[in-house]
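For reference, the structure is listed below as structure tokens.
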Amino acid sequence: MKRIGYVLAVAVLALVALFSQVSIAAAQKNIILATTTSTQDTGLLDVLIPLFEKNTGYMVKTIAVGSGQAMAMGQKGEADVLLVHSADAEKKFMAEGYGANRRLVMHNDFIIVGPPSDPAKVKGVKSATYGMKRIAETGSIFMSRGDNSGTHAKEKGLWKAAAIKPEEGQKWYQQTGLGMGQTLNVASEKRAYTLTDRGTYLSLKKTLDLAILSEGDAALLNVYHVIEPNPAKFRRINVAGGKAFADFMVSKEAQGVIKTFGVEKFGSPLFFPDAGKKVEDLGK
């Protein structure tokens with residue numbers, strides 16, 4: 001009887017060890033991607049992620065928030081890879097040692113949109129700073145994401161350049177605390193102005209009563225990088241999985257998808273592939 005009990009105990013321990021190994025292996029195949037809402041709202045990730053999963057066997061859990069929130073996750077070791085668009089915050093993230101590798105992936109641009117009636121007379125204004133100034137001077141409603149995203153950071157930079165402090169009790173200035181798609185919907189309902197990336201606007205254009213009123217300013221360039229967190233700081237992150245996703249985003253296959261994404265539906269791409277390029281050469 002003791003012999004049988006011993007054998008059963010060994011068998012149970014072996015099964016527990018086997019299940020533990022299976023669980024670890026499964027966990028190693030899961031990746032947490034922290035990214036901006038624009039990559040999700042445009043539908044780009046709906047195309048790229050299944051392709052990545054098919055090619056590699058990894059499974060991606062996407063958390064779409066503002067770039068600031070995505071990097072906050074990275075600073076806590078809560079994400080295996082980041083896909084973001086907030087240059088100053090990204091550089092700070094890298095300088096403080098939270099990131100191991102940062103690579104250029106793609107770009108599009110920001111645009112100022114608003115009601116077709118355009119009460120602030122922004123239409124045709126080439127300077128985005130001047131366009132924002134006209135919105136403030138006329139007291140026209142402006143919807144800000146107010147979420148520390150890359151778009152919000154760009155917006156704050158434009159207000160600063162215009163020497164305007166809208167957050168100091170200005171009734172015309174309202175914050176949604178929402179992602180880009182939802183903020184566009186709110187702006188449309190309230191007949192308000194807002195700053196948006198072109199891709200998200202085009203993907204939702206048919207449902208919005210908003211027109212492009214200011215575009216083309218070099219200050220509105222919107223650049224995306226993929227960042228691998230620093231494994232020396234975070235031992236529990238999936239380093240191999242994060243690197244695999246980052247490598248995929250700059251691969252010829254993914255860059256080819258980015259190049260044509262949106263062309264068939266909108267007549268122009270929503271993003272432009274930039275792997276291997278220098279930021280200073282973009283938009284030329």
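None of the figures in this text is laboratory data; all of them are computed from the coordinates on show. Keep in mind that what you see is a predicted model, and the values were worked out from it rather than measured. Cβ sites come from the backbone with ideal geometry, for glycine too, and all protein chains shown count toward neighbours.
Between N222 and N108, D109, F110, the built amide H atoms are under 5 Å apart, and every one of these is 5 or more places off in sequence or on another chain. Rounded to the nearest whole Hz, the Karplus-based 3J(HN,Hα) values (6.51 cos²θ - 1.76 cosθ + 1.60, θ = phi - 60°) of the stretch 73-85 follow the sequence 4, x, 5, 9, x, 9, 9, 8, 7, 10, 10, 9, 8, with x at glycine and proline. Taking amide H atoms as placed 1.01 Å from N in the peptide plane, the amide H of N230 lies under 5 Å from those of G99, A100, each 5 or more residues away in sequence or on another chain. The stretch 152-175 and the stretch 219-254 have Cα centres spaced 31 Å apart.
Find the Cα radius of gyration of the stretch 109-220, compare it with 2.2 N^0.38 Å by division, and give the number to two decimals.
Details: Rg = 12.2 Å, N = 112, 2.2 N^0.38 = 13.2 Å.
Computed over Cα atoms of the stretch 109-220, the ratio equals 0.92.
All Cα-Cα distances of the stretch 33-172, cut into 10 Å bins from zero to the largest, leave 10, 34, 30, 18, 7, 0 percent in each bin in turn.
Taking 0.36 nm per residue of separation and subtracting the Cα-Cα distance, what length does fully extending K205 through M59 add?
On the way: separation 146, 0.36 × 146 = 52.56 nm, distance 3.12 nm.
Result for the pair: 49.4 nm of gain on full extension.
Listed by chain and number, the lysines whose C-alpha is less than 18 Å from the C-alpha of K277, apart from same-chain residues fewer than 8 away, are K91, K252, K259.
Can you tell me how much longer the chain between N30 and V257 gets when fully stretched, taken as 0.36 nm per residue apart minus their C-alpha distance, in nm with one decimal?
Working: separation 227, 0.36 × 227 = 81.72 nm, distance 2.30 nm.
Going from the current span to full extension adds 79.4 nm.
Here is the P(r) of the chain: all C-alpha pair distances, binned every 10 Å from 0, give 6, 27, 30, 19, 9, 4, 3, 2, 1, 0 in whole percents.
For the stretch 253-266, putting each phi into the Karplus relation 6.51 cos²θ - 1.76 cosθ + 1.60 with θ = phi - 60° gives couplings of 5, 5, 5, x, 5, 4, 4, 9, 5, x, 4, 5, 7, 10 Hz, in residue order, rounded to whole numbers and with x for Gly and Pro. About its Cα centre, the dipole of the stretch 182-284 is roughly 300 debye, where the only charges are +1 on Lys and Arg Cβ and -1 on Asp and Glu Cβ.
Restricting attention to the stretch 109-220, lysine pairs at least eight places apart or on different chains and with alpha-carbon atoms under 16 angstrom apart total 11. Were the residues from K165 through K123 laid out at 0.36 nm apart, the gain over their Cα-Cα distance would be 12.9 nm. Computed from phi, the 3J(HN,Hα) profile of the stretch 125-135 under the Karplus parametrisation 6.51, -1.76, 1.60 (θ = phi - 60°) reads 6, 7, 7, 5, 4, 5, x, 5, 5, 5, 4 Hz, with x in place of Gly and Pro. Starting from the Kirkwood Rh over alpha-carbon pairs, what translational D in µm² s⁻¹ does the stretch 143-284 have by Stokes-Einstein at 25 °C and 0.890 mPa s? After rounding, the answer is 139 µm²/s.
Around the amide H of S144, modelled in the peptide plane, lie the amide H atoms of Q174, Q175, T176, all under 5 Å away and 5 or more residues distant in sequence or on another chain.
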